[in-house]
Amino acid sequence: MVLRGLSLLVSIPLALSFVSAANDVASPTPGFLFVANQFDHTALIIDLAQHKSIAAIEVGINGHEVAVSPDKHFAYVPIYGNAGVGKPGTDGSTIDIIDLHERKIAGTIDLGKPVRPHCAKFGPGGLLYVTAELANSVHVVDTNARKVVAQIPTGAIESHMLVISPDGHRAYTANVHAGSVSVLDLDKRALITVIPVANLIQRISISPDGKRVFTHDQEQPRIAVIDTATNKIANWIPLPASVYSSVVLPGGSAMLANSTSGKLFFVDLSQNKVTRETEVPPSMGAIALTPDNHLAYLTCPQAGTIEVIDTQTGAKSAPITLTKGVDGVEWLDSVR
């Protein structure tokens, strides 16, 4: 993707409309966001056309991340506990299930013991893969049977976030205070290797072709680029400030990375450098993209907002204002 200059951006109450340099007006933003609010202990459904929350479902303490089933009927919120990574506090042992059609709790999956489940992703065969920090593993969950069917060891403490390769054969975890990335074989349900990265990392992303994995050094302003063919660090991307999370845009040539410094960086992955930055609230949240990848939604737990950014221009529209604690997010086309 080629990043172009800023276009004119206009916010209209209850519907967002974008005006290009040629004054072509797009339709109101369609779809919904499903968001975990870890401070309010809720899962929210955000109507993007109305620019507001239309449902708040109470979940356990605390749900940080979300996953939506392939059929878009149910959503899953791992209940982590009331502490930060590696800090003392309660230890979650369940995953709450939400019926998106009925907008209510539909049940709970018991993981059998306290493991601090955190990040959940659907993978091959409709199975749900969930990081289990206290078990140093990724749990494989059959959501139909509502039970754990396997555990894949990560070989490291605090396996916090997870990405799955586009072909569904590999998974990669970011191991926070271990400062490493674990490579998992999902077919054999086995650990392949652990890649040392830094003293402290946060979150992880993957290119659309699955050839590169990215994780973020928390002590130096740089992103590690891992070559998935060799399972080694291929290079580093220098940054003006450390970043917390990132997402790679289609085509794999550009990345968005948000920083606790109050910046969203646009990174050219062919040059491995920042080409643009947009001011946002200091954020330790997540990023979701619309299917056309024209808009990015950045959750800002500290500010209680979801920032709306044009991925081509860096321009912002009015944020969606909620309450502090908004964190994990997924885009949905419908909740019916």
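The values are calculated or read from the model by the stated rules, or taken from the named source; none is laboratory data. For clarity, every value in this text was computed on a predicted model and none was experimentally measured. For neighbour counting, all protein chains shown are included, and Cβ atoms are generated from backbone atoms with ideal geometry for every residue, glycine included. What goes into the accessible areas is simple: the full protein's heavy atoms, side chains included, and nothing from ligands, DNA or RNA. Shrake-Rupley method; radii C 1.70, N 1.55, O 1.52, S 1.80 Å.
Across the range 229-247, which residue is surrounded by the fewest Cβ atoms within 10 Å (Cβ to Cβ) among those that are β-branched (V, I, T) and more than 20 Å from T278 (Cα to Cα)? Step through it out loud before you land on a result.
Taking the range 229-247 as the starting set, the residues that turn out to be β-branched (V, I, T) are 230, 233, 237, 243, 247.
Filter once more, keeping what is more than 20 Å from T278 (Cα to Cα): 230, 233.
Details: T230: 9, I233: 17.
Among them, the one singled out is T230.
For I226, are the conditions met, namely being over 17 Å from A288 (Cα atoms) and either touching a Leu at 6+ places or on another chain (Cβ under 8 Å) or buried (at least 19 other Cβ atoms within 10 Å of the Cβ) (or both)? Step through it out loud before you land on a result.
Values: over 17 Å from A288 (Cα atoms): yes; either touching a Leu at 6+ places or on another chain (Cβ under 8 Å) or buried (at least 19 other Cβ atoms within 10 Å of the Cβ) (or both): yes.
It is true that I226 is over 17 Å from A288 (Cα atoms) and either touching a Leu at 6+ places or on another chain (Cβ under 8 Å) or buried (at least 19 other Cβ atoms within 10 Å of the Cβ) (or both).
Do we find a residue being of a type in the set (D, E, K, R), assigned to a loop (DSSP other than H, G, I, E, B) and within 22 Å of G168 (Cβ to Cβ) anywhere in the range 69-87?
Taking the range 69-87 and keeping what is of a type in the set (D, E, K, R), we get 71-72, 87.
Those left that are additionally assigned to a loop (DSSP other than H, G, I, E, B): 71-72, 87.
Of the ones still in play, those that are also within 22 Å of G168 (Cβ to Cβ) are 71-72.
Checked against the condition, which is being of a type in the set (D, E, K, R), assigned to a loop (DSSP other than H, G, I, E, B) and within 22 Å of G168 (Cβ to Cβ), the range 69-87 yields at least one hit.
State whether one or more residues within the range 38-61 are among the basic types (K, R), open to solvent by 20 Å² or more (accessible area, probe 1.4 Å) and assigned to a strand (DSSP E or B). Give the derivation first.
Going residue by residue through the range 38-61, those that are among the basic types (K, R) are 52.
Keeping just the survivors that are open to solvent by 20 Å² or more (accessible area, probe 1.4 Å) gives 52.
Still in the running and assigned to a strand (DSSP E or B): 52.
Yes, there is a match, as at least one residue in the range 38-61 is among the basic types (K, R), open to solvent by 20 Å² or more (accessible area, probe 1.4 Å) and assigned to a strand (DSSP E or B).
Taking interchain pairs and intrachain pairs at least six residues apart, which have beta carbon atoms under 8 angstrom, with the first residue in the range 158-181 and at positive phi and the second part of a strand (DSSP E or B) and crowded, with 24+ Cβ neighbours inside 10 Å?
E158/N175; G179/I201
Looking at (1) on the phi < 0 side of the Ramachandran plot; (2) surrounded by fewer than 19 Cβ atoms within 10 Å (Cβ to Cβ), which is the one condition that is false for G252?
G252 satisfies all of (1) on the phi < 0 side of the Ramachandran plot; (2) surrounded by fewer than 19 Cβ atoms within 10 Å (Cβ to Cβ) except (1).
Please find, among G123, G107, G84, the residue that is at pLDDT below 95 and under 24 Å from A43 (Cα atoms).
Values: G123 fails: at pLDDT below 95; G107 fails: at pLDDT below 95.
Within the list G123, G107, G84, the selection yields G84.
Could you please find all residues in the range 327-336 being among the hydrophobic types (A, V, I, L, M, F, W, C) and closer than 9 Å to A286 by Cα?
Step one: list which residues in the range 327-336 are among the hydrophobic types (A, V, I, L, M, F, W, C), which gives 329, 331-332, 335.
V329 - this is the single residue of the range 327-336 that is among the hydrophobic types (A, V, I, L, M, F, W, C) and closer than 9 Å to A286 by Cα.
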